[in-house]
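Just below is one structure, and these are the notes that go with it.
FYI, it's all coordinate maths here, none of it is from the lab. Nothing here was measured: the structure is a model prediction, and the numbers come from that model. Quick reminder, even Gly has a Cβ in these numbers, built from the backbone with ideal geometry, and neighbours come from all protein chains shown.
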């Protein structure tokens, strides 16, 4: 169990660095290939759901620096999607966020997708 947890945390840490797209590249896709944006947004949402499922196993883990950090900052755990939300809607939220925030588009697209979704649907 600990080996699986360690590998999972290592994998998540690796994805926190350079991503596949920047916000500028994703914004360009919003202008012409919105289906590709849908795929990317779906991947970010799925990854966040997986991260939460892995991190939920930490509730049984003893406290430590990594465990405490992970419990405090649950990736994607502060976004509450509305009932009936569809992928096209999430994609539109992301594309609008990128259009409205050109000052941030040089950043990693995954983080910008999460910021857009959080902006639209924060947990109350």
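Sort 35, 110 so that the residue with the fewest other Cβ atoms within 10 Å of its own Cβ comes first and the one with the most comes last.
35, 110
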> Roughly how many nanometres apart are two label points built 7 Å out from the Cα toward the Cβ at residue 36 and residue 85?
Replying inline: 2.5 nm
> What is the gain in length, in nm to one decimal, between residue 107 and residue 22 on full extension, counting 0.36 nm per residue of separation less the C-alpha to C-alpha distance?
Replying inline: 30.0 nm
> Label 7 Å along Cα→Cβ of residue 124; segment 75-104 residues with amide nitrogen under 17 Å?
Replying inline: 78-85
